[in-house]
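S.K.: The structure's right below; bear with me while I get my questions together.
The values are calculated or read from the model by the stated rules, or taken from the named source; none is laboratory data. On a predicted model such as this, the values are computed, not experimentally measured, just so you know. Please note: Cβ atoms are built from the backbone with ideal geometry, for glycine as well, and neighbour counts cover all protein chains shown.
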């Protein structure tokens, strides 16, 4: 007799696939540029979905800088070497679950509790991954970091991989190879007036273009540009600036031809400005005075946000196979249902010869 897979097992397998597909789509909607290959802000590899292993190795290649060979001069023996590095991303598992009260409680409600639990877990997983991407990009290791409502969001800052933090000397100086502070003398002198401006966007774009290795722009629809994720408080400050209407108009003009610009906060100095609630924010009265944590790093004098200008492959994502991404179980003699969701993968900021491969961090005061 042939073996038969139960309908419940098939249903759960379908739910698991739907969950991962929906989360992937949700994260991509938040980040804007995510997919397999280098020409994405989030460079995704699913090799571990096909093969066993707990580490994914990504190859990072800098742009060629040679002058080439002219005329009939010999090319053989004068080839240019590729300047390349590799970055390893370890994977881990993250899980969460909801247990429902019981059949009587389910009878009293007018909605499908299991469906609602699945939806809530989908949103939770999306937010977890989006938060992880921003924490890694910002080099945040402060596990007591909170959001503007005082909710701790840094508890898993070092999950799967510990990101390289911004050098203390850069924060103290107010500038570095991959760093800019709105207060040019350093974060310890940051004042409430040192808010995010379009001039800072221009400075970050210039630093990215002149960096060595150069931060490569995203290429979409015939356009080449950087992307900058702005904390909502910093987006608010830019909206109040005198140049805001111009930035908005530039984005609108491009949006008429290219859908990727639609919904953007603005476009300035070849930078697509996107508001993102998951951009790291520091409340110095609650989470210590540094994005690294209490008593480490360079203290910030006031509450601030770490806005992030990014290019190609700024952050790397490894994703493993997970047929049990969503599981529904029963307990207490089938009286209570529980729904669990999990993701197996890893995230890490890409580093190239000890420098961020695709991100410039910009700290600016961000008062609620």
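S.K.: Give the residue that is farthest from residue 367 (Cα to Cα), with candidates limited to residues of segment 100-118 that are touching a helix residue (DSSP H, G or I) at 6+ places or on another chain (Cβ under 9 Å) and surrounded by 14 or more Cβ atoms within 10 Å (Cβ to Cβ).
M.R.: Going through the qualifying residues, I end up with 106.
S.K.: Assess whether residue 344 counts as being part of a strand (DSSP E or B), in contact (Cβ under 8 Å) with a residue 12 or more places away in the chain and more than 20 Å from residue 55 (Cα to Cα). Lay out the reasoning, then the answer.
M.R.: Values: part of a strand (DSSP E or B): yes; in contact (Cβ under 8 Å) with a residue 12 or more places away in the chain: yes; more than 20 Å from residue 55 (Cα to Cα): no.
For residue 344, the condition - part of a strand (DSSP E or B), in contact (Cβ under 8 Å) with a residue 12 or more places away in the chain and more than 20 Å from residue 55 (Cα to Cα) - is not met.
S.K.: Separate question: As an exercise: evaluate residue 206 against (1) within 21 Å of residue 179 (Cβ to Cβ); (2) surrounded by 15 or more Cβ atoms within 10 Å (Cβ to Cβ) and give the number of the one condition it does not meet.
M.R.: Evaluating residue 206 over (1) within 21 Å of residue 179 (Cβ to Cβ); (2) surrounded by 15 or more Cβ atoms within 10 Å (Cβ to Cβ) leaves (2) as the failure.
S.K.: Another question, if that's okay. Residue 357 versus (1) buried (at least 24 other Cβ atoms within 10 Å of the Cβ); (2) farther than 30 Å from residue 120 by Cα; (3) modelled with pLDDT under 95: which is the lone unmet condition?
M.R.: Evaluating residue 357 over (1) buried (at least 24 other Cβ atoms within 10 Å of the Cβ); (2) farther than 30 Å from residue 120 by Cα; (3) modelled with pLDDT under 95 leaves (3) as the failure.
S.K.: Hey, does segment 129-139 have a residue that's in a loop (DSSP other than H, G, I, E, B), surrounded by 14 or more Cβ atoms within 10 Å (Cβ to Cβ) and under 19 Å from the mean Cα position of the chain (by Cα)? Let's see the steps before the verdict.
M.R.: The first filter runs over segment 129-139 and keeps only residues in a loop (DSSP other than H, G, I, E, B), leaving 138-139.
When the remaining residues are screened for being surrounded by 14 or more Cβ atoms within 10 Å (Cβ to Cβ), the result is 138-139.
Filter once more, so that each one left must be under 19 Å from the mean Cα position of the chain (by Cα): 138-139.
For segment 129-139, residues in a loop (DSSP other than H, G, I, E, B), surrounded by 14 or more Cβ atoms within 10 Å (Cβ to Cβ) and under 19 Å from the mean Cα position of the chain (by Cα): present.
S.K.: Now, a different point. Tell me which strands (runs of 3 or more DSSP E) are completely within segment 1-108 and hold 2 or more residues being modelled with pLDDT under 85, or say none if there are none.
M.R.: Details: elements: 42-45, 55-61, 84-90, 92-99.
Per the criteria, 55-61, 84-90.
S.K.: When segment 214-247 is examined, which residues are found to be part of a helix (DSSP H, G or I), surrounded by 16 or more Cβ atoms within 10 Å (Cβ to Cβ), more than 21 Å from the chain's Cα centre (by Cα) and modelled with pLDDT of 85 or more?
M.R.: Those that are part of a helix (DSSP H, G or I), surrounded by 16 or more Cβ atoms within 10 Å (Cβ to Cβ), more than 21 Å from the chain's Cα centre (by Cα) and modelled with pLDDT of 85 or more: 237, 238, 244.
S.K.: Just checking, which of 161, 149 is under 18 Å from the mean Cα position of the chain (by Cα), assigned to a loop (DSSP other than H, G, I, E, B) and within 24 Å of residue 26 (Cβ to Cβ)?
M.R.: Step by step, each of 161, 149 is checked, and only 161 is under 18 Å from the mean Cα position of the chain (by Cα), assigned to a loop (DSSP other than H, G, I, E, B) and within 24 Å of residue 26 (Cβ to Cβ).
S.K.: If I go through segment 299-324 residue by residue, how many of them are surrounded by fewer than 24 Cβ atoms within 10 Å (Cβ to Cβ) and not in a strand (DSSP E or B)?
M.R.: The initial filter retains those residues of segment 299-324 that are surrounded by fewer than 24 Cβ atoms within 10 Å (Cβ to Cβ), namely 299, 301-303, 312, 319-324.
Within this subset, residues satisfying the condition of being not in a strand (DSSP E or B) are 299, 301-303, 312, 320-324.
So the count comes out to 10.
S.K.: Hey, can you tell me all the residues within segment 285-335 that are farther than 29 Å from residue 28 by Cβ and touching a helix residue (DSSP H, G or I) at 6+ places or on another chain (Cβ under 7 Å)?
M.R.: Passing the criteria: 297, 298, 299, 300, 301, 335.
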